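So the structure is just underneath, and the comments pick up after that.
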Amino acid sequence: GVAIHDTSQVLGSAMSYKETFDDELALKVAAVTKLTRNLGLAFAIPALTYAHRSALQDNANKDEATSKDGGKEETLSGLQTFKKFVPSFLIAFIGMSTFRSCGDFYFGPDAELYHSAMSFVGNDVSKYALGTAMAGVGLSTSASSLRGVGWKPFAVGGAGALVVGGTGFTVASLLV
């Protein structure tokens, strides 16, 4: 939990733990915990986007009141507003979560074919999909784009990794 942020990495680590220690419960707990957090983000992201836009608009209105120009206020309606505040990956996540939950509810615990298909997708296909996604992220990173960044972002990232890793290690040591 504390040292891993990305959903695919959490589930990948939980799958590795499950296979190493034959512990199905660890995978289930990791999946439910991470996806519950993600579901919370489904509400937090649009709310924070709206709050940020409102704050920017309030500041623009204050600046407009002090200037003589009288700039135009941006207005959005309908689908444009929705697209501005709700990212497409969020719609996909909620849609797939709803699809799976409806399937579980509709077919119930006795539907052998449904559950074997979900098990195949969850256990077999997901390993290859996770590997492909992680490779895609790594392969899309250009070394030339990293040259101009400088050393400071790497120092901050390394310091953050040390803090998070150290915190995780300390907490795990205290619990054991």
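The values are calculated or read from the model by the stated rules, or taken from the named source; none is laboratory data. Remember, it's a predicted structure, so these values are computed and weren't measured experimentally. Cβ: placed from backbone, ideal geometry, glycine included. Neighbour counts: every protein chain shown. Accessible surface areas use protein heavy atoms only, side chains included; no ligands, DNA or RNA. Shrake-Rupley method; radii C 1.70, N 1.55, O 1.52, S 1.80 Å.
Provide a single number: the residues in segment 79-92 that are open to solvent by 60 Å² or more (accessible area, probe 1.4 Å) and over 30 Å from Ser119 (Cβ atoms).
Here the count works out to 5.
Within segment 93-129, take every residue that is open to solvent by less than 60 Å² (accessible area, probe 1.4 Å) and closer than 16 Å to Asn38 by Cβ and give me the one that is farthest from the chain's Cα centre (by Cα).
By that ranking, first place goes to Ser126.
Please enumerate the residues belonging to segment 1-53 that are under 24 Å from Gly165 (Cβ atoms), modelled with pLDDT of 90 or more and not in a helix (DSSP H, G or I).
Listed by number, the list holds a single entry, Asp23.
Can you name every residue in segment 164-176 that is part of a helix (DSSP H, G or I) and either surrounded by fewer than 11 Cβ atoms within 10 Å (Cβ to Cβ) or not aliphatic (A, V, I, L, M) (or both)?
Answer for segment 164-176, where residues must be part of a helix (DSSP H, G or I) and either surrounded by fewer than 11 Cβ atoms within 10 Å (Cβ to Cβ) or not aliphatic (A, V, I, L, M) (or both): Gly165, Gly166, Thr167, Gly168, Phe169, Thr170, Ser173, Leu174, Leu175.
Among the numbered criteria (1) out of contact with any His (no Cβ under 8 Å at 6 or more places or on another chain); (2) surrounded by 10 or more Cβ atoms within 10 Å (Cβ to Cβ), which one does Ser144 miss?
Tallying (1) out of contact with any His (no Cβ under 8 Å at 6 or more places or on another chain); (2) surrounded by 10 or more Cβ atoms within 10 Å (Cβ to Cβ), Ser144 fails exactly one: (2).
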